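Down below is the structure, laid out as structure tokens.
What follows is calculated from the coordinates using simple rules that are stated; it is not laboratory data. Note that this is a predicted model, so its numbers are computed, not measured. Methodologically, a virtual Cβ is constructed for each residue, glycine included, from the backbone with ideal geometry; neighbour enumeration extends over all protein chains shown.
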Amino acid sequence: AYDSVRIQAVQHALNGIPLEIVTLEDPGGAHAGNWFLKNGPDDMVSGGDDIIFEPTCLERMTATEGDVVIPEGAPEVPEGARTINPAACWLIRQSCAAKIGYWDEAIAPQYHYFDDSDYIRRMTLAGIAHTVAKGAHAIHVNGGSQTYRSYTPSQMEEHQRRFAIAQGNYVRKW
């Protein structure tokens, strides 16, 4: 179920820090973020299946002060990739959750659309800025999740249905 090559790459990027894989029954992004903020260490790094961390990226991110830390992106970006946007890869500290609370699981229950936009909006309203970790380089391959690119037509239809629901929930909230 897990791509061992990706796990080995992440372990290499963590430079010997043990990697623990946690499987949650609710696959929602907000649910997972809340679980880690409630049960994990002070620093929670979140990144999609399309993030490539350069070797010192995570070390530099954890060494950077701030409630929310993002990599500065890579100086050279391969064709078809782009530098990081805040929700693609970020480190969120417990201090952020203490200031604005946890993720809103009602926006996209059991999936992951607009819950990151909601969290960023709440951070902005609370005056929490993203701190850029200088020298922390990561690449957002193809600028979007690679998972849905392999969907069958019926899976893509379900993806679009859930996206529309989450979008409506986000718009109603704000």
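Observations
- Inter-probe distance in nm under a simple model that places probes 7 Å from Cα toward Cβ, at K99 and K38: 2.3
- Under 23 Å from the Cα of K38 - lysines, other chains or at least 8 residues apart: K99
- Protection proxy ranking for 117-130, 56-69, using the average of other Cβ atoms within 10 Å per residue and placing the highest first: 56-69, 117-130.
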